[in-house]
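Report on the structure given below.
The values are calculated or read from the model by the stated rules, or taken from the named source; none is laboratory data. Note that the structure is a prediction, hence the values are computed from the model and not measured. Neighbour counts run over all protein chains shown; Cβ positions are idealised from the backbone, glycine included.
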Amino acid sequence: MATTSLLADVGIELREGYAEVGDQTLHYVEAGEGPLVVLLHGFPEFWFGWRRQIAPLAEAGFRVVAPDTRGYNLSSKPEGFEAYGVDLLADDIRGFIRELGAESAQLVGHDWGGSIAWTVAMNHPEVVDRLAILNAAHPRKLSEGLKHPSQLRKSWYFFFFATPGLPEEIVPARDWHFFRHFLHDASPPYTPEEIDRYVEAWSQEGAAAGMINYYRASVRQSQKEAAAKLRPISAPTLVIWGERDSYLGSDLAEPEHDDVPNLDRVERLADASHWVHHDEAGRVNQLLIDFLRTSGADPTT
């Protein structure tokens, strides 16, 4: 995939690179200088999902790095759902931060990127200075939520994606109509040009299977096993939540105090959808800048 056209669409000069992390290669873009902020995209996006955040954060004085996580776009796409367990995805990000030459970073994650960020903060607290989560439930809250019919109805696609083989046949049909559907409730809507960029990323060899395997790995992990791995998150944490989320109930926004004792707050945006970083980019950017600047390494000084 030629990324040059994408690099020109975020309002700032970007640097592009690849990091070797264990046996995986992670593609990334970055901009700015200063304290390191790593942006982790969700499904079905890739680094381009942060196009409305990269320039504002870089201009605020941060070194902003947005990788394609394992299985997406130009990063490695190992075969088999076993390669997509969230602990492995979190290990990728720990190694990625170190490959960038940093001991730690501030993590921002949306959707699946938020799930990875929660897990990095639990498994590798030494590499997380501050944590910002956008519409991604803490693992305990999500597990509890999936016991209720209302959330099960919202999360039907978890179980469809767990079906062996079938999703890979269906999702590319009708010019990726199935994946396009997940982006439908953003406001303002994604432009046709933006959708074309997503289609190009989804069309990379092995990408559809990689993206789907996140869900297969998640569904196949027992709730008992997942609960046993949970541990308190020490990093100061901000949750930003679009209340019109079609996929996650608003009751999942607030993590338990014992799980996130250093919760800064949950900022609920009433008019934003699951795609809160697109719907209310200006508000989200200011919330992130204000929160990340309180880390003790103010980039403006």
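Taking first residues from the stretch 213-226 that are modelled with pLDDT under 85 and partners that are not in a helix (DSSP H, G or I), the Cβ contacts under 8 Å between residues at least 6 apart in sequence or on separate chains come to 220/162; 221/85. Close contacts from the stretch 184-195, counting a first residue that is at positive phi and among the β-branched types (Val, Ile, Thr) and a second that is loosely packed, with under 13 Cβ neighbours inside 10 Å and not in a loop (DSSP other than H, G, I, E, B), with Cβ to Cβ under 7 Å and a gap of 6+ residues or different chains, come to none at all. Counting only helices (runs of 4 or more DSSP H) that fall entirely inside the stretch 91-210 and contain at least 3 residues that are closer than 24 Å to residue 268 by Cα, the qualifying elements are 112-123, 139-145, 149-154. For residue 176, the criteria (1) touching a strand residue (DSSP E or B) at 6+ places or on another chain (Cβ under 8 Å); (2) more than 24 Å from residue 228 (Cα to Cα) hold in every case but one, which is (1).
Considering each residue of the stretch 187-207 in turn, at least one proves to be touching a strand residue (DSSP E or B) at 6+ places or on another chain (Cβ under 7 Å) and more than 21 Å from residue 47 (Cβ to Cβ).
State whether one or more residues within the stretch 62-73 are more than 18 Å from the chain's Cα centre (by Cα) and of a type in the set (A, V, I, L, M, F, W, C). Yes. Considering the stretch 242-286, the residues that are touching a Pro at 6+ places or on another chain (Cβ under 9 Å) and among the polar types (S, T, N, Q) include one that is nearest to residue 112 (Cα to Cα), namely 285.
Residues in the stretch 217-255 that are more than 28 Å from residue 163 (Cα to Cα) and either among the hydroxyl-bearing types (Ser, Thr, Tyr) or touching a His at 6+ places or on another chain (Cβ under 7 Å) (or both): 234, 237, 242, 255. For the stretch 127-139, the criterion of a residue being surrounded by fewer than 24 Cβ atoms within 10 Å (Cβ to Cβ), more than 17 Å from residue 255 (Cα to Cα) and of a type outside the set (Ser, Thr, Tyr) is satisfied by at least one position. Entry remark, the stretch 37-54: residues being hydrophobic (A, V, I, L, M, F, W, C) and farther than 13 Å from residue 202 by Cα number 6 in total.
For the stretch 38-89, filtering for residues that are assigned to a helix (DSSP H, G or I) and over 23 Å from residue 13 (Cβ atoms) leaves 8.
One residue stands out among those in the stretch 230-289 that are without any contact (Cβ under 8 Å) to a residue 24 or more places away in the chain and touching a strand residue (DSSP E or B) at 6+ places or on another chain (Cβ under 8 Å): the one that is surrounded by the fewest Cβ atoms within 10 Å (Cβ to Cβ), which is 257. Exactly one residue out of 134, 142, 166 is out of contact with any strand residue (DSSP E or B) (no Cβ under 9 Å at 6 or more places or on another chain), modelled with pLDDT of 90 or more and closer than 30 Å to residue 235 by Cβ, and it is 142.
Here is a yes/no grid of residues against (1) out of contact with any Lys or Arg (no Cβ under 7 Å at 6 or more places or on another chain); (2) β-branched (Val, Ile, Thr):
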{"position": "122", "(1), (2)": "no, no"}
{"position": "128", "(1), (2)": "yes, yes"}
{"position": "131", "(1), (2)": "yes, no"}
{"position": "161", "(1), (2)": "no, no"}
{"position": "188", "(1), (2)": "yes, no"}
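Within the stretch 1-27, the only residue that satisfies the criterion of being among the β-branched types (Val, Ile, Thr), at pLDDT 95 or above and either exposed (fewer than 12 other Cβ atoms within 10 Å of the Cβ) or touching an Asp or Glu at 6+ places or on another chain (Cβ under 7 Å) (or both) is 21. On inspection, residue 49 qualifies as within 18 Å of the chain's Cα centre (by Cα), crowded, with 21+ Cβ neighbours inside 10 Å and closer than 28 Å to residue 246 by Cβ.
Confirm whether residue 96 is surrounded by 21 or more Cβ atoms within 10 Å (Cβ to Cβ) and either more than 29 Å from residue 246 (Cβ to Cβ) or of a type in the set (A, V, I, L, M) (or both). Taking the combined requirement at face value, the residue satisfies it.
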